[in-house]
Amino acid sequence: MKYPQERKEAVLKKMLPPHSKHIPEIAKEENISEATLYNWRKSARSEGCKACSLSDNCSASLSTGMMMLRSKFMFIVLSYQVPRRQA
């Protein structure tokens, strides 16, 4: 059965926080086979979204957000100055 891209994205988003649902649970809720969901996740991961298995459209915004967070984190880490010990 062919599913619309929008439905795939909506279903795959359920794997993300704050939902963080497991595939068997989503399969029952959505009446989609677990094998299909695992394939969707695998395909999405190979397209670049390792954390969530979203498709290109969704992963673009997530990847951008993750890159921004990573940049902010690195800025904080690199700009932190360790206090000197007083002798």
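The values are calculated or read from the model by the stated rules, or taken from the named source; none is laboratory data. Just so you know, these numbers come straight off a predicted model, no measurement behind them. Cβ coordinates were reconstructed from backbone atoms using ideal geometry, including for glycine residues, and neighbour counts include every protein chain displayed.
Worth pointing out:
- Selection status of Met67, exposed (fewer than 13 other Cβ atoms within 10 Å of the Cβ) and modelled with pLDDT of 70 or more: no
- Residues within the range 1-56 that are modelled with pLDDT of 90 or more and of a type in the set (Ser, Thr, Tyr), tallied: 4
- Complete set of residues in the range 15-49 that are farther than 19 Å from Pro4 by Cβ and of a type in the set (Val, Ile, Thr): Ile23
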